[in-house]
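Written out below as structure tokens is the structure these notes cover.
The values are calculated or read from the model by the stated rules, or taken from the named source; none is laboratory data. Only a predicted model underlies this, so the values are computations on that prediction, with no experimental measurement involved. Note that each Cβ is placed from the backbone with ideal geometry, even for glycine, and that neighbours are counted across all protein chains shown. Keep in mind that these areas ignore ligands, DNA and RNA; they rest on the heavy atoms of the full protein, side chains included. Shrake-Rupley method; radii C 1.70, N 1.55, O 1.52, S 1.80 Å.
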Amino acid sequence: MLYAFAFERIGVVVSDLYFLDPNPLQGQETPERGVRLELRVFESGELPGSIYAARPITIGRPLWRVDLLQAADAAPNTFDRTHHHPDIVGWEPGARTFVEELSHEPLAWLTGKLTDIPSLLHEAGISPDEISAADADGLRTAAPEIVDTVRRVLERVWAGELGRPTTEADADGVTSVRASWL
């Protein structure tokens, strides 16, 4: 499932995630699941026809990412693999950055990040010129709705409705799985 919140030139996307890494990091040898949120560049295209035509929308490169993950077999609300990626180069995230506050109170931490735009931009190495005042205001204003969406998706992951492997993941010999929009 994918949710998108678009402002002027940036937006936020939220999706459930199931992940099995063939080259796991130490302590992460088993599958993980949860919710991924990314701050992304958005582009609104020109109308391809009449004023009533559907507008093309492009969700572009990521600027910042947070993964509210836990071991797939862990009890709900464990967040034992929750981290963020403050540095993204092109489409590739930097190393996982683990923060105690993020693992203990992930929704409060996320609210703080989405409402303190200057701090988020500084931490992610994003020039304030890349984000318009309207983008910053829109993100700050929408933060409660975005965080509520993350909470609802997490609840569905914990209920077993989302964040599940694809049917191909059950095949013998499968060593790598990423089931998500993001």
Burial ranking of peptide ranges 6-14, 117-125, 93-101 (average Cβ count within 10 Å, highest at the top): 6-14, 117-125, 93-101
About the Cα centre, charge dipole magnitude for the stretch 12-159 (Lys/Arg +1, Asp/Glu -1 at Cβ), debye: 340 debye
Percentage relative contact order, the chain, counting C-alpha pairs under 8 Å, at least six apart: 27 percent
The chain - percent of accessible surface contributed by carbon and sulfur, probe 1.4 Å: 53 percent
Given charges at Cβ of Lys, Arg, Asp, Glu: the chain dipole, positive-most of 126, 150, 77: 150
